[in-house]
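The values are calculated or read from the model by the stated rules, or taken from the named source; none is laboratory data. Computed from a predicted model, the values in this text were never measured in an experiment. A quick note on method: Cβ atoms are made from the backbone with ideal geometry, for glycine too, and the neighbour counts reach across all protein chains shown.
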Amino acid sequence: MDQDIRQLLSQRQKDRAFEVLLQRYQAKVFRLVFSMLGNSSRAEEVTQDAFLKIWQALQGYDGRASLSTWIYTIARNTSISHLRAEFYRKTLSLEEAPEPFAEVEPVLSRIEIERLLANLPDEQREVIVLFYLQERSIEDVAAMLDLPEGTVKSHLHRARKAMATRMEVRR
Amino acid sequence: MRCQAAQELILESLDCRLDGEQQNSVESHIAQCEMCRSFREAQLVLDGALAAHYVAPQLGSTFRTTLAHRISGEKRRALQEWLPDLVHLGGGIVATAVCFLWLPVSPTAVLTVGIALTFVSYVLQTMFRFWLEDLEGL
């Protein structure tokens, strides 16, 4: 899929390769970072940091991992560093509290969804959030989490079953 | 079709489209099975709610320009870091070339001394820069 970028890199056209890469991955990386930070303006800043790191390291990309895995690993590590720094710096102020996601129809309130998600194991919650943020692409979620697609599906199915069971119990 | 298989297909249908045969077998199972029918209803409600909940925000319109600006800054910084080395090397080459043209000494000797002096002064200059950086760090 990223053969064109690899080819540009082998021709030492780093800026052109980065331009193609940015066009292809900026939205996906932003959504990945957003899923981890929960705040769009901070996510945009961290996405910038991640792409700056990618630009700095691009010429040294050795092709051992797929390009997407390499990009998502940098994005995830950048987000984790940011979260750690935040954690040590201060507790969240009200102004910087995680942004609410979109308002939901009354069938299931935002609070109910958050409660259902909170009961899931971390890996299942991460898969569910990314699956919907990445416009239902299992392939993207698998690349982002560096998991086989089958494992992503299995996490999704388990999470959905667990959430539906809890919904039933509440009604 | 057993309930477990039907429910797996119902979950599968939320990830991707089922083929016609799978779709038909699920529909005929659901027509007879109350439990799987309510399972599907619950899953559809949940799916709709999650899809509405997780609407990804869009990147700001200035994202690309800001990033381009930061990258230009990095390029300038990298050039500034290399600049003393480039100036040093250029100076060494020019000085050797001038001596090569004007001094009444054998070209081989000029070239050897030129390379040696450029190398030694480069090492001294690098040591001096490290020393200055250490001083700044104190």
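Somewhere in the range B:38-59, is a residue modelled with pLDDT of 90 or more, away from chain A (no Cβ under 14 Å) and more than 37 Å from the chain's Cα centre (by Cα)? Taking every residue of the range B:38-59 in turn, none turns out to be modelled with pLDDT of 90 or more, away from chain A (no Cβ under 14 Å) and more than 37 Å from the chain's Cα centre (by Cα).
Please tell me if A:V104 is touching a helix residue (DSSP H, G or I) at 6+ places or on another chain (Cβ under 6 Å), within 14 Å of another protein chain (Cβ to nearest Cβ) and modelled with pLDDT under 85.
On the way: touching a helix residue (DSSP H, G or I) at 6+ places or on another chain (Cβ under 6 Å): yes; within 14 Å of another protein chain (Cβ to nearest Cβ): yes; modelled with pLDDT under 85: yes.
It is true that A:V104 is touching a helix residue (DSSP H, G or I) at 6+ places or on another chain (Cβ under 6 Å), within 14 Å of another protein chain (Cβ to nearest Cβ) and modelled with pLDDT under 85.
Pairs are defined by a Cβ separation below 8 Å, a sequence spacing of at least 6 or placement on different chains, a first member in the range B:65-85 that is free of Cβ contacts under 8 Å to residues at least 12 places away in the same chain and among the acidic types (D, E), and a second member that is assigned to a helix (DSSP H, G or I) and surrounded by 10 or more Cβ atoms within 10 Å (Cβ to Cβ); the pairs so defined are B:E74/A:L52; B:E74/A:W55; B:E74/A:Q56. Looking across B:V55, B:V45, one residue alone is within 28 Å of A:R166 (Cβ to Cβ) and in contact with a helix residue (DSSP H, G or I) (Cβ under 8 Å, 6 or more places away or on another chain). It is B:V45.
A:R76 meets the stated requirement of being touching a residue at least 60 places away in the same chain (Cβ under 8 Å) and not polar (S, T, N, Q). The number of residues in the range A:19-45 that are within 15 Å of A:I71 (Cβ to Cβ), facing chain B (nearest Cβ under 8 Å) and touching a helix residue (DSSP H, G or I) at 6+ places or on another chain (Cβ under 9 Å) comes to 4. Considering the conditions (1) modelled with pLDDT of 85 or more; (2) on the phi > 0 side of the Ramachandran plot, A:L9 is excluded by exactly one of them, (2).
Take the residues in the range B:19-44 that are surrounded by fewer than 17 Cβ atoms within 10 Å (Cβ to Cβ) and hydrophobic (A, V, I, L, M, F, W, C); name whichever of them is nearest to A:S137 (Cα to Cα). Walk me through how you get there before you give the answer.
Kept after step one, since they are surrounded by fewer than 17 Cβ atoms within 10 Å (Cβ to Cβ), are these residues of the range B:19-44: B:19-25, B:27-28, B:31-32, B:34-35, B:37-38, B:41, B:44.
Still in the list and also hydrophobic (A, V, I, L, M, F, W, C): B:31, B:35, B:44.
On the way: B:A31: 30, B:M35: 29, B:L44: 18 Å.
Among residues in the range B:19-44 that are surrounded by fewer than 17 Cβ atoms within 10 Å (Cβ to Cβ) and hydrophobic (A, V, I, L, M, F, W, C), the one nearest to A:S137 (Cα to Cα) is B:L44.
Every condition in (1) in contact (Cβ under 8 Å) with a residue 60 or more places away in the chain; (2) more than 14 Å from chain B (Cβ to nearest Cβ) is met by A:Y61 except one, and the failing one is (1).
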